Structures are given as C-alpha cells and as structure tokens.
1. Under the rule of -39500 (n - 2.57) per DSSP H run of 4 or more residues, summed and divided by the residues of the protein assembly as shown, what mean residue ellipticity at 222 nm is obtained, to the nearest 500 deg cm²/dmol?
2. Per residue, how much accessible area does region B:140-249 have with a 1.4 Å probe, in Å²?
3. What is the percent carbon and sulfur in the accessible area of chain B, measuring with a 1.4 Å probe over the protein chains and ignoring ligands?
4. 5 Å is the cut-off here: which amide hydrogens, built 1.01 Å from N in the peptide plane, fall below it relative to A:Ala149, excluding neighbours closer than 5 in sequence?
5. Just the number please: accessible area per residue for region A:32-199, 1.4 Å probe, all protein chains included, in Å².
6. Output the 0 to 90 degree angle, nearest 10, between the alpha-carbon long axis of helix B:2-31 and the longest principal axis computed from the alpha carbons of chain B.
7. Residues of region B:37-53 with accessible area at least 40 Å² lower in the all-protein-chain context than alone (1.4 Å probe)?
8. Which order do A:His298, A:His423, A:His385 take when ranked by solvent-accessible area (1.4 Å probe, heavy atoms of all protein chains), largest first?
Amino acid sequence: MKSIKNKTLAVIASSAIAILLFAAVAMSATTASYKVIARNDLGMHCACPTFEGFLLLPPFNTIRAQVLNGSSVVSTGVTVSYAIVENTDAVLKADPYYSSWLVNSPKLFPGFQPINAQGKIVGITGKMLSDTMTYDAVSKSYQAVGIPAYPVVTGTTKDIMIDPLGGPKRDPYLTANITVKNSTGTTLATTSTTVPVAFGGCCTCHLPLASQNGYPATPAGSFAYLGVMHAQNSSKINIAMIDPDGDGVGGPVRCSWCHWDPAMGESAAPGWPSATKLLPGATFTLKKSVYSFSDVLHRYHAKSQKVLTQFDANIATNCYDCHPGNNVNCFRGSHKGKTAIWCTDCHGNLNERIAANQMAHPWQQQSLPTCFEKSPGVNSAFACHPHDTSNSKSWDPGLFGKFIDNRGHKGSVLCESCHGSAHAEAPSTLAADNVQNSTLQGNAAFTFPAGKDKTYAIGVCNVCHTSKSNVWARPPHLTN
Amino acid sequence: MRKISRFTSTLLLLLLAIVASFASDAFAMEKADAKNFDFAKTREFFQDMESRPDFPVSTVLAYDYVYSLRALGETIEPARKKSIIKYLQEAQQKDGGFIGGKANNDASALFTDIALDTLAYLDNPGALDTEAAKKFILSLKNSDGGFGFCSASRESTMATTYFAVKILGSLNALSSVDKAKTASFIKGFERKETGGFGYMKGNGVAAAKITYMAVYALNELGMLDETTRKNSLRFLEATPCGTKSSNDDTPDLNELSYALQAAKVLTSKNAMDDKKVLTFLGKIYIPVNGGFGPLEGYGSTPDSTSTALRILVEIGKLKTPAMSPLVKQ
C-alpha cells in the first residue's frame, strides 16, 4: 500500500515537474520571441540652464518603443514602461537649473504643475521620469511623449557637456530602460536607449554680448539686453518688460506665445496669458506675430550685422553656434561617421533656408529632408539615397519629417527602429547609441559582410524572425 | 612604529605630490609647444574641403582654406585657385560689394573685406574688380565719419568703419576719407577706465576684437596717439593670456587672436604671454583631425582652426603668409 502510494506520489511529482519544465520551456520560448526596440524620436532635444527670463523649449523628450513578437507588431496584452536612469525625482529637485524650471514652469504654462500630487516630477504632458507608455496605432509603437528629461551632473565620464554658465559638465546622453511585461507581470523583453537632451551654444555669445552692451554677463543681464534688442525690431516690443505672471518683474516669457512653434504643438501663436502686464515705462502694445519662432530666430541671426561682425561671419553654416555642439555634437550618426556630410548638406545653410522660405513650415515635412531628397533650396555637395517610391508609409502629424514619421518593412517597422534615431543613425559615432543594435545583433551565430558589424542598422532577419537568415543584409523595405 | 609608519606614508604622499606637480608642470610645458601640433593633419583637415563639389562653399570658408594652407607653408594648387577666384568673382555683386554665400544677395563691408583678403593671400590681385569694391565701400560712408554695413543697414558702427578703413587702405583710397572725422568717430568707442574699445559708444565692457579694429583703423589713418596706445595696451595686458591676467581667466579663441593682432599694431612684445597662449591652444587642439575647437571641449571647425593658425602666426610659431598688394602702390 505504502509502495503504491509512493509510486503514485512519484508519478504525480514527476508529472508536475514535467509540466513545470514544459511550462518553463514554453514560457522561455514565448519570452524569448519578444523583442523591444526603443528610440528617442529626434536624436536630440534642447534644454536651457535657466527659465527666469524666457523659454525656448521646455524639458520634453519622446521615446517610441516597438514590441515585436516574431514577425508581429504587438499592440495589446502587454505593459510597456520606461525609467530614466540618470534622472530621478531627488536628483532633479536638487538640481539648481531644474529648480528654475520647477519655479517658472507654472508661469510659462498656466495651469501646469511640474510636481504632481504624489510629489513626482511630471512633464507638461503629465509624463513622469518613470512611467508607462501608450500604444499609438499610427506609428505602431508604444510612446511616452513629453518626458521631462534634463541633462544632469552624474560625476561619471558621461559628463561631457560644457555648462555655458561655468558649472560642472553634465551628461547630455541619458539612458532610458524599457521593460515589456505581460498581464501576469512577467517580463517579456527589455532594452535601453539613449535619451539625448543638451544645452545649445546660445549663452556662449549672449552673455558676452550683454557685457559688451553694459549689462551683467548673466542670464538676467542677457535677458534685459535681449529685450532692448527685440525692441529695435518692427514690433518695438521689449520682451524684458513683459510681466506674464503679474509679479512686478519682467519674465518669464514663452517665445512661442508670440511666435508659433510646431515643436510646442502650435500652428499659430496662442497669445499671452490673461494675467500678463507690462512693466512701468513700457511704451509698446502686445501683439502676436505671424512668423514662426524658427523663422525669426534663424532669419535674424543670419542677417544681423551685430551677429556677423561681432561673433561669427560664418554663422550660416556653423549650426553648432546655437544647436548643441558644445562637446555634445548632436549630429553624430552614420552620415557624419562615414563622410564629410554636414547639417547644411541636408537642411541647407541659413541663407539657403531663408531664400527657400523653409521656415514658413519649420519642423515639418515641407521643409525637412528625407532619405531621398534634400530640403527645398539646398545646394548639397552629396547625393541622397536612390529613390524608392514603394518604401514609404509615412504620416504627417505636422511635426518632423518622413524619416521619423514613417514605417517600412511591409509597413510594420518604424524607420528609426532599425536605423536609429534621426541625427544618430546606426552606426552612430556615439558608442551609447550603438548599444541597442549591438545587443540585438550580438548573437554569435549572426554574420556580417566585410565592413559591417552588429552596430549597423538591424539587418539580420533572425533578430525578430525565426529560421530565416543569420546573415546581415538589406531587409525588404517594401510597404506591401 | 605606527607613528613612524604614518610619518613615512605622509612623506611618501608629499613626495608623490611633488613629483606629480613637476610631472604636471612638465606636461603643461610639453603641451605649451607648437611641436605637439600635427600640422600635416591640420593640412589634411583643410584639404578635405577640396572634395566637395561646391568647394569653396562660402566666402568665409574660402578665406579659411587659403589663409590656413598659406600659414602652413603650402601653395594653393592652380585648380583650387581657379575655383576660389571663380567663386569670388560670382560673389561680387553689381554694386561692387561681396556676399557671404550664394543664397544671400546682400553685399556687405564684412564679406568684401574677407573676399579681398582671400584674394591678397592668393597672390592674384587683378582677378577681381577692386575699383567697384572701392566704390561700394565709399557708398557706405556716413556724415558722422563712420561707415555702414551694407546698403540696407547703413548705421555706422566701429566694426563696419574698421572694414571700410582697412579696405580703402589696401586700395590706396584713404584720401577719400575725412581722417580726423573718422578718427573722432572711432575714439567715441574708447573705454577710458579700463582701456581698450567697446562695441557701443558709452556702454559696455571693452573687447579685444573691437580694440584691434579701433587701433588698426586709427593707425591706418595716422591718428593713433600715444595715450590711446598705452590705454589699449593696459586693456590687452589684462585680457586672458595677457601678461597681467589671472591664470584662472579662460580665453576666447577669437578674442585671443584679436588681442595678439592688436598688440602687434601697437608694437608691443610684452602685452601677451606666449606661453599661456600655447597652453590654451594645447587645450583646444583636436589630435584626431589636427583641427582646433573654438572653446575647450568643442569639436574642430574650419573657422576655429584658421583662427588658431592665425594665433600661431602672431606668436611666431608659423610664418606670416605673404599678402600681395591689391593695387599698385
């Protein structure tokens, strides 16, 4: 009897083990078949070290993640989340520059609170530093739009960005960890991607400009002189004498209140907050401009006698005078690595951009280059990629061009998922950008033709598919 | 025993610190030597531009290319010379002035100055219509003694007046200028308290670039007096890399270049500290391509590399490239 009982127990036990093993193997197979590829949308987002005077752009970063199960794009049944490694609530709350954002952002975006009821830092869309992502059927990706990522001092070798105000160097290439879980909380896939956010070069000229004109070489002095200069244009508006929050002090002014900016989601200037007052002595009246922020900013700098004679006669081609070049070098993708292509070869130099009236449609498909066409009016030294009419499944949300807002590979995969972020195309000259592709294509069974390696755009079928090919090659780009 | 051990380790640490300090100084000395710059790479950095079908791209880049290669002791190949002259000829507008790039049709004193300098370094003075350039500059003359920037921006500034005086001087046409009036206009930018000149009349700090422009123009006009000279030198000595500057001052590449050029106009060999200058250049040198960045930590650009070479010329580490006269003297 005892023996029968023992035998029964043994059978039950071995069956249970077999079932568990089977389940584990099955689970393992299921888990292993999931992949997630995440990218920052633009390859770089700008930030400013201070928000007391005026706001160019808020802390705002976007990550898009595509979850793939074999050859299927996953749209349901999973939870996708992200966490910015270098940005925690404690780190940002203690950061003197970010503190300026915490104080001034409710004035710049009336109704917005940068810290939510739970004490967590949130961006202007409500996204936290660690949060879930939402599926977007148009891009076929999970998105986190408006993450308030900000360059910080990490105390590591990643701190490469020069602080124009003289503080310690900061890390402009943050990291987002992405996790995909199923409904039971089991992790199906993980990845990490670069979250680029950096200061531009504006302060490098504007602080000395202030001191050369009798104002302190500080952000406040620069804002005061900027107001004087702005009053010299046809608007006559001294922006430093605008008091949007009615506290009796000039600023903070959001440039896009008057100059519409698609990067802020605008197609027309929204106008000033209702509480806006003018400081005593102001003789102008507030109005809205029909010109985009990109238009007035680029046009002024390209044409200004002051800019050309005092700072840079070659500003038309020196994009890093303003855009993040201060040891950040935001243009860092394969175009830079393999050739002498410069920003102006795709986008045009400032004079070309003005002549072609590009800035009437800034940040938009009408004015941005594609893989096959330069921007309108560009006299480039380099040829674009051969045109293939069938490899485009783009959409137009009114922001960004046909590389960012496009899917290929039978219309399923975002261009950026395989090729990397715009301006950081694989293989990037920044090692951190290449980690994701290197991991996905790091299987020892995968082989690469001469001159290519695992850092290149995803080209091994078996990264996602099973039993297709382990050899890197150009995958089908066709829509249908 | 423990005390001795602690004493010994402290002594060792001190010795290490002293050795490290010497090593650091030696490293700084080594850095502060033009021999550490790989000029062959610098040459290649500029010659990379030649492969561009739109070479020389813009007026400023044409100047950067020509000046830099000449400063490095190169002669410009006839084919390149031809391309540059053709570009400059196309950049000259009907009014006689030059533009900065093909898409910008506003000729200005700034780009006219850069174009004529490029031509002088190319040793091909007859290639451009200098008479038309002279007329263009004279058309910018204002009643206050200063000159404007372009036909659409006629306000006199210190910088635009410098361009006009420099160009007219190189074209033997200063007789068309009321020298006393122009000198009086320029002196309105002087900073009596600190010495040097500022960008705006009355307000703001002095800057090396505008000081150079002012003393150059005054010298060219024969109006550089001893008081102005001494005051300007006083200012230059206090700029970063000046002999009376603090070691903590961070130089700005452009400002440094103009401070050195101003010191040369003022015939001073003691205003600037060449060792500090070389140490700074060592910090902005980019060994991977032989270029120089505009600031420490920045990447190299043709403009900043050309400026760095200019600095090396000014401190005698590279030969001054010859400029041929634009008109018969």
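The values are calculated or read from the model by the stated rules, or taken from the named source; none is laboratory data. Quantities reported herein were computed from a predicted structural model and do not represent experimental measurements. Positions of Cβ are backbone-derived with ideal geometry, glycine not excepted, and every protein chain shown enters the neighbour counts. The protein model used for the area step is the full one, side chains on, heavy atoms only, and it has no ligands, DNA or RNA in it. Shrake-Rupley method; radii C 1.70, N 1.55, O 1.52, S 1.80 Å.
1. Numbers: 24 runs with 291 residues, N = 809.
Value at 222 nm, helices only, nearest 500: -11000 deg cm²/dmol.
2. Working: 4360 Å² over 110 residues.
On a per-residue basis, 40 Å².
3. Working: 8160 of 15130 Å².
The nonpolar share, carbon plus sulfur, comes to 54 percent.
4. A:Phe60, A:Asn61
5. Dividing the accessible area of region A:32-199 by its residue count gives 35 Å².
6. Compared with the principal axis, the helix lies near 20 degrees.
7. B:Arg52
8. A:His385, A:His423, A:His298
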